[in-house]
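Values quoted throughout were computed directly from the atomic coordinates according to the rules given, and no laboratory measurement underlies them. Remember, it's a predicted structure, so these values are computed and weren't measured experimentally. All Cβ positions, even for glycine, are placed from backbone atoms using ideal geometry, and neighbour counts span all protein chains on display.
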Amino acid sequence: MKPTADKEKTGSHPRERRNLSRKVYSGSIFFAARKQLFEGELLNFSQAGLGIKVPERFVEGENLIVAMPFDGAIPAKCPARVVWCNGRGLGAKFVR
């Protein structure tokens with residue numbers, strides 16, 4: 001499922017579906033999937049998930065283990081599931 005903005009009933013202004021605010025971050029991130037290690041560019045993250053710029057394609061529902069930049073609020077290694085992928089990047093939701 002791609003992160004899409006719903007249009008409000010009153011007009012064409014998009015409404016954000018996310019409930020938690022995202023932290024913008026620009027830097028390398030590593031994650032494992034398919035018994036391989038991948039590197040991408042972390043674009044943003046929240047307590048619910050993250051956006052990664054990566055050239056490889058992933059399938060919606062695919063499981064990842066993400067090595068997050070440590071900030072104390074989120075564990076360093078987090079299981080996540082791909083919710084969208086467009087060939088330029090992916091969005092993943094943390095699995096609790």
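Shape class of region 20-94 from the Cα gyration tensor (axes a ≥ b ≥ c, square roots of the eigenvalues): rounded, since a/c falls below 1.5. With an 8 Å Cα cut-off and a minimum separation of 6 or more residues, compute the relative contact order for region 20-94 in percent. With pairs under 8 Å counted, the relative contact order is 28 percent.
For region 20-94, a crude dipole built from +1 on the beta carbon of Lys and Arg and -1 on the beta carbon of Asp and Glu, taken about the Cα centre, is about 100 debye to the nearest 20.
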